[in-house]
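Here is the structure we will look at, set down as structure tokens.
The values are calculated or read from the model by the stated rules, or taken from the named source; none is laboratory data. It should be emphasised that the depicted structure is a prediction, and the values quoted were computed from it without experimental measurement. With ideal geometry, Cβ positions are generated from the backbone for all residues, glycine too; neighbour counts draw on all protein chains shown.
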């Protein structure tokens with residue numbers, strides 16, 4: 001592993017971790033603990049639940065709701081106090097001791113997950129979101145956290161969508177998962193961010209059924225209300241204040257210029273020409 005500096009279109013840089021040719025966030029202690037090197041051999045249990053998505057696609061929102069659905073009761077824990085990102089150095093040393101069922105999350109691709117995933121076959125919740133809102137959310141994310149990035153949006157959007165920054169290309173990530181779903185016997189449920197924003201109760205009912213969790217409609221609704229963005233934004237947790245910014249579908253319209261939008265549409269058509277996936281960019 002090594003630290004690298006990756007520049008946007010104007011030369012402003014982000015400091016990232018390079019490992020096996022892939023770029024990851026430079027989380028505190030990541031280089032020292034070598035958590036990325038240990039990830040392939042991490043222990044997986046058959047009753048684990050993995051929440052997998054490209055960054056800024058709703059990973060932690062889904063994690064919070066699944067945590068409560070599994071527990072069967074609401075709690076007063078601050079949002080974000082215990083999210084279990086597998087490649088986070090602060091998680092890698094201790095999630096092995098969590099009681100079952102563990103709810104883990106990650107932004108790595110399927111083939112970067114621990115090798116035991118293909119053997120133990122835990123249930124995977126794969127979360128998708130349209131690339132324009134992902135890019136806007138990621139830009140605000142790196143501006144708030146300790147990336148020491150001072151660049152402007154106009155210089156960020158192109159290299160981000162072309163996969164220059166952490167976790168690489170959204171297009172490659174999404175297409176890889178679509179291929180995995182055709183070939184693996186690991187149980188995977190795809191849930192979409194825009195669908196959740198449209199009707200989160202409906203989508204969480206699907207999640208509960210997939211996980212084999214029997215909860216009343218009233219409780220599922222309580223979980224959805226408890227984990228609304230309005231509730232999470234009121235949290236005193238510094239993590240929650242950074243992670244839950246707006247949560248809107250279509251915020252990209254406040255950021256993309258006409259030219260940037262046209263370029264992004266062209267890039268999408270080029271990159272996804274062999275992939276039939278479609279995404280919603282607004283909710284009517």
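Condition test on residue 173, is it crowded, with 18+ Cβ neighbours inside 10 Å and in a loop (DSSP other than H, G, I, E, B)?
No: the conditions fail for residue 173.
Out of all the residues in the range 70-83, is one or more touching a strand residue (DSSP E or B) at 6+ places or on another chain (Cβ under 9 Å), assigned to a helix (DSSP H, G or I) and at pLDDT below 90?
No, every residue in the range 70-83 fails to be touching a strand residue (DSSP E or B) at 6+ places or on another chain (Cβ under 9 Å), assigned to a helix (DSSP H, G or I) and at pLDDT below 90.
In the range 43-57, what residues are part of a loop (DSSP other than H, G, I, E, B) and within 15 Å of residue 124 (Cβ to Cβ)?
Residues satisfying the conditions are 44, 45, 46, 47, 48, 54, 57.
What are the residues in the range 94-119 that are under 21 Å from residue 20 (Cα atoms) and assigned to a loop (DSSP other than H, G, I, E, B), if any?
107, 108, 109, 113, 114, 115, 116, listed by residue number.
Listed residues 274, 225, 265; which is at pLDDT below 95, outside any loop (DSSP other than H, G, I, E, B) and more than 20 Å from the chain's Cα centre (by Cα)?
Of 274, 225, 265, the one residue that is at pLDDT below 95, outside any loop (DSSP other than H, G, I, E, B) and more than 20 Å from the chain's Cα centre (by Cα) is 225.
Of everything in the range 242-258, what is over 18 Å from residue 192 (Cα atoms), surrounded by fewer than 16 Cβ atoms within 10 Å (Cβ to Cβ) and either touching a strand residue (DSSP E or B) at 6+ places or on another chain (Cβ under 7 Å) or modelled with pLDDT of 65 or more (or both)? Give them in sequence order.
253, 254, 257, 258
Output the number of the condition that residue 216 fails; it satisfies all remaining conditions of (1) exposed (fewer than 15 other Cβ atoms within 10 Å of the Cβ); (2) under 27 Å from residue 175 (Cβ atoms); (3) modelled with pLDDT of 95 or more.
Of (1) exposed (fewer than 15 other Cβ atoms within 10 Å of the Cβ); (2) under 27 Å from residue 175 (Cβ atoms); (3) modelled with pLDDT of 95 or more, only one is false for residue 216: (2).
Which of (1) surrounded by fewer than 20 Cβ atoms within 10 Å (Cβ to Cβ); (2) under 27 Å from residue 4 (Cα atoms); (3) in contact (Cβ under 8 Å) with a residue 12 or more places away in the chain does residue 188 not meet, given it meets every other one?
For residue 188, the exception is condition (2).
Given (1) in a helix (DSSP H, G or I); (2) under 17 Å from residue 137 (Cβ atoms); (3) at pLDDT 95 or above, identify the lone condition not met by residue 207.
(2)
Would you be able to say whether some residue in the range 113-124 is within 22 Å of residue 281 (Cβ to Cβ), touching a helix residue (DSSP H, G or I) at 6+ places or on another chain (Cβ under 8 Å) and at pLDDT 95 or above?
no
Residue by residue through the range 153-165, note down the ones that are surrounded by 17 or more Cβ atoms within 10 Å (Cβ to Cβ) and under 18 Å from the mean Cα position of the chain (by Cα).
160, 161, 164, 165
Please count how many residues of the range 178-204 are within 17 Å of residue 51 (Cα to Cα) and assigned to a helix (DSSP H, G or I).
10
Residue under question is residue 168, and the condition is that it be exposed (fewer than 15 other Cβ atoms within 10 Å of the Cβ) and either closer than 17 Å to residue 49 by Cβ or touching a strand residue (DSSP E or B) at 6+ places or on another chain (Cβ under 9 Å) (or both); does it hold?
So residue 168 does not fit the description; no.
For the range 120-153, what are the residues that are part of a helix (DSSP H, G or I) and either free of Cβ contacts under 8 Å to residues at least 40 places away in the same chain or in contact with a strand residue (DSSP E or B) (Cβ under 7 Å, 6 or more places away or on another chain) (or both)?
142, 143
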